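Below is one structure; the comments refer to it alone.
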């Protein structure tokens, strides 16, 4: 799972959701689920890497994965993982390095429908905008004045959840 941090993040979010549902239902927490969640969070924090797997360059069946090169580390990331990355000095340094590199290789990451994108822009995904803004807010704790520079327009006329989540990030960052 180290090669697919977005999958690891999704598992972590799933285990967290399970434990939160148990709490809401008034059921005792399952110790094995808590243990697995703690293990997965530790793996995520201790194995953070900005680099993408070499297989994405070598195996033609995986070339489409390169579209997620700059968002994959932060897709499906829960706030607790962001906090753990920020509190671990080595992981924080790696996350800062990653965000700097991603801004360099994908300078239009914050635009809604950039013309310069991997592959064909018609199949471009929406994760870059939200995940990189989320990482800057939750891991780096950048101020509102910096984050607001990266808010573009919604990608859809109605119901762009990523845009709505980005607005929430900005509201939370504004003291």
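The orientation-averaged projected area of the convex hull spanned by the Cα atoms of the range 1-102 comes to 7.1 nm².
Rg over Rh for the chain works out to 0.98, using Cα positions for both radii and the Kirkwood form for Rh.
When only alpha carbons are used to place a centre, the range 61-75 and the range 1-52 end up 21 Å from one another.
Each label point was placed 7 Å from the Cα along the Cα-to-Cβ direction; for residue 167 and residue 153 their separation is 1.6 nm. The orientation-averaged shadow of the Cα convex hull for the range 1-49, equal to a quarter of the hull surface, comes to 3.1 nm². How tilted is helix 5-25 with respect to the longest principal axis of the chain? Cα atoms for both, answer in degrees (0 to 90, nearest 10). For helix 5-25, the angle is close to 40 degrees. Work out the FRET efficiency for residue 54 and residue 13 from their Cβ-Cβ distance, taking R0 = 25 Å, and round it to the nearest 0.05. Once the sixth-power term is evaluated, E becomes 0.40.
Here, each number is a calculation from the coordinates, and none is a lab measurement. Just so it is clear, the model here is predicted, and its values are computed rather than measured. Positions of Cβ are backbone-derived with ideal geometry, glycine not excepted, and every protein chain shown enters the neighbour counts.
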